[in-house]
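Undergrad: First, the structure itself, so that you have it in front of you.
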Amino acid sequence: MPELPEVETVRRGLASRLEGKTFLGAVSRVAGLRLPVPAGLHDLLAGQRLHAVERRAKYLLLRCDGGTLILHLGMSGYLRVVDRDLPPGRHDHLDLLFDDGQVLRFNDARRFGLLLWTTADPQEHPLLVGLGPEPFAGAFTGDYLHERARGRTVPVKAFIMDQRLVVGVGNIYANEALFLSGIHPARATGRISRDRYLRLADIIRTVLAEAIAAGGTTLRDFSDSDGKPGYFALSLRVYGREGEPCPRCGHTLRQERIGGRSSFFCSRCQH
Ligand SMILES: [Zn+2]
């Protein structure tokens, strides 16, 4: 599943290729993804200029003259910018056409993605309005985490993965950030000191920034007209490495389900 760093990488690729272009229209080959594709999408888009490609959590916001396209990649979706003459392949459900002959093509085998159109402020859309701050926003601090943690007994890993608290900390990044912070993923949220939360907030930002930086090197793949973009191969410290030695102390890494998700940790380094 594309996580926030992948979506940010896609956003940068789209912004550099598509901002300023004018839509010719759209072709939909499917009635709906996770939600129905807007009726009359072709007519809605025709003649609209794409001003900016923004991101909120894992939603891409394509700002146009008369409204905003809200796009989510779901579990398996990916976008390519291709020439209009390239015939659509399997699961190429949507084409957004530009007047220079280029097409933004949305492939989504599992159809958990979505494409919506709104003329209102997209930040106020029901899907977006309840989301927590962006991890790189000034509002996301260790003090914010510590304040929200007070009295909570949920495992800290479930706490930081809650999109109402902060967006973009998916399972991989939660595991990695907790390892680097020395915090056990099952530790009760309310029983972690302010100092440790200050460090955790910094580390969450660092881990996500590293992944975004790694993604920059795959931007070329993103525009490739054949095949999927390679979601970047990150060098992960604990995720998926149960049974391997801890990169810090050599103790065997463990895996347990915590808060319903696979959790990888070192029981010696994390407490
Ligand atoms: Zn260790």
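Undergrad: Of everything in the stretch 28-49, what is free of Cβ contacts under 8 Å to residues at least 60 places away in the same chain, surrounded by 13 or more Cβ atoms within 10 Å (Cβ to Cβ) and in a loop (DSSP other than H, G, I, E, B)? Give them in sequence order.
TA: A46, G47, Q48, listed by residue number.
Undergrad: Okay, next question. Looking only at residues that are more than 8 Å from the ligand (Cβ to nearest atom) and more than 17 Å from E176 (Cβ to Cβ) in the stretch 250-266, which one is farthest from the chain's Cα centre (by Cα)? Quick ask: steps written out before the conclusion?
TA: Of all residues in the stretch 250-266, those more than 8 Å from the ligand (Cβ to nearest atom) come to 252, 254-265.
Those still in the list that are more than 17 Å from E176 (Cβ to Cβ) too: 252, 257, 260.
Values: T252: 30, R257: 22, G260: 20 Å.
Top of the filtered list is T252.
Residues are listed down the side, and each one gets a yes or a no for (1) in a loop (DSSP other than H, G, I, E, B); (2) within 14 Å of the ligand (Cβ to nearest atom); (3) surrounded by fewer than 16 Cβ atoms within 10 Å (Cβ to Cβ); (4) at pLDDT 90 or above:
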{"site": "A174", "(1), (2), (3), (4)": "no, no, no, yes"}
{"site": "F179", "(1), (2), (3), (4)": "no, yes, no, yes"}
{"site": "I183", "(1), (2), (3), (4)": "yes, yes, no, yes"}
{"site": "T206", "(1), (2), (3), (4)": "no, no, yes, yes"}
{"site": "S225", "(1), (2), (3), (4)": "yes, no, yes, no"}
{"site": "R268", "(1), (2), (3), (4)": "yes, yes, yes, yes"}
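Undergrad: When you look at L61, is it in contact with a Pro (Cβ under 9 Å, 6 or more places away or on another chain) and among the hydrophobic types (A, V, I, L, M, F, W, C), yes or no?
TA: Yes.
Undergrad: Return the total of residues in the stretch 78-116 being part of a strand (DSSP E or B) and not aromatic (F, W, Y).
TA: The total comes to 19.
The values are calculated or read from the model by the stated rules, or taken from the named source; none is laboratory data. Quick caveat: nothing in here was measured; it's all calculated off a predicted structure. Cβ: placed from backbone, ideal geometry, glycine included. Neighbour counts: every protein chain shown.
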